[in-house]
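What follows is a set of notes on a single structure, which appears directly below.
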Amino acid sequence: MSIIKRRGFEIISDYLDKGLNLPLRQTKSAAGYDFEAAEDIVIPSIWIKALVKWFDDDDETIKATLIPTGIKSYMGQDEYLQLSIRSGMALKSGLILANGIGVVDADYYNNDSNEGHIMFAVYNFGFVDKHINKGERIGQGIFLPFLKADGDHSVKERSGGFGSTGNEVN
């Protein structure tokens with residue numbers, strides 16, 4: 001008897017031997033699965049970046065920092081995984097998701113570009129750089145269904161990884 005997989009998490013191949021934990025709900029009533037950072041990373045303060053750009057007369061956009069999780073997710077075709085920053089990260093560190101919430105589509109799983117690696121794109125609005133340690137809980141993911149509009153004719157296949165339905169991020 002085979003088990004049909006409906007939704008869940010796996011570790012991407014580049015991180016299989018890195019000792020990562022799959023996302024878990026911390027309590028029985030929790031909606032979100034907590035994601036951990038897959039490696040140590042520093043999230044620079046946007047204020048420091050802005051000052052450097054101002055003094056250098058640099059017009060380039062301040063880019064978000066991607067926090068790797070080493071995790072990918074599979075789910076049904078009419079579902080998505082909604083990502084949010086942990087409230088403690090937002091309150092204590094000033095970290096926010098660059099796009100407010102993240103949306104991981106079902107066809108992101110095992111894509112050719114990055115195997116479906118889930119990353120959290122964040123800005124640090126704190127006044128100092130934020131050091132995140134490997135294994136630190138950074139965000140949450142909640143599986144949700146979605147509805148399609150009458151006459152929906154979306155037939156395009158995913159062509160890449162992170163940001164591939166617009167401008168792809170490497």
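The values are calculated or read from the model by the stated rules, or taken from the named source; none is laboratory data. Please read all numbers here as calculations on a predicted model, not as lab measurements. When we count neighbours, we look across all protein chains shown, and the Cβ atoms used for this are built from the backbone with ideal geometry, even at glycine. SASA here: full protein model, heavy atoms, side chains in, ligands and nucleic acids out. Shrake-Rupley method; radii C 1.70, N 1.55, O 1.52, S 1.80 Å.
For a quick check, take a GNM of the chain with Cα springs below 10 Å and name the residue from GLY32, GLY116, GLY151 with the largest mean-square fluctuation. Maximum fluctuation in the GNM of the chain, among the listed residues, is at GLY151.
Note on the range 1-160: semi-axes of the ellipsoid equivalent to its C-alpha gyration tensor, largest first and rounded to whole Å, are 30, 20, 16.
Annotation: per residue accessible area for the range 55-121 equals 50 Å², rounded to a whole number [probe 1.4 Å, protein chains only].
Helix-only estimate, please: 222 nm mean residue ellipticity of the chain, summing -39500 (n - 2.57) across DSSP H runs of length 4 or more and dividing by its residues, to the nearest 500.
On the way: 2 runs with 18 residues, N = 170.
That comes out to -3000 deg cm²/dmol.
Report note on the peptides 37-49, 18-30: ranked by the mean count of other C-beta atoms within 10 Å, highest first, their order is 37-49, 18-30.
Hey, which of these cross-link pairs are over 32 Å Cα-Cα: LYS18/LYS148; LYS28/LYS49; LYS130/LYS156; LYS92/LYS148; LYS18/LYS130? Exceeds cut-off: LYS18/LYS148; LYS28/LYS49; LYS130/LYS156; LYS92/LYS148.
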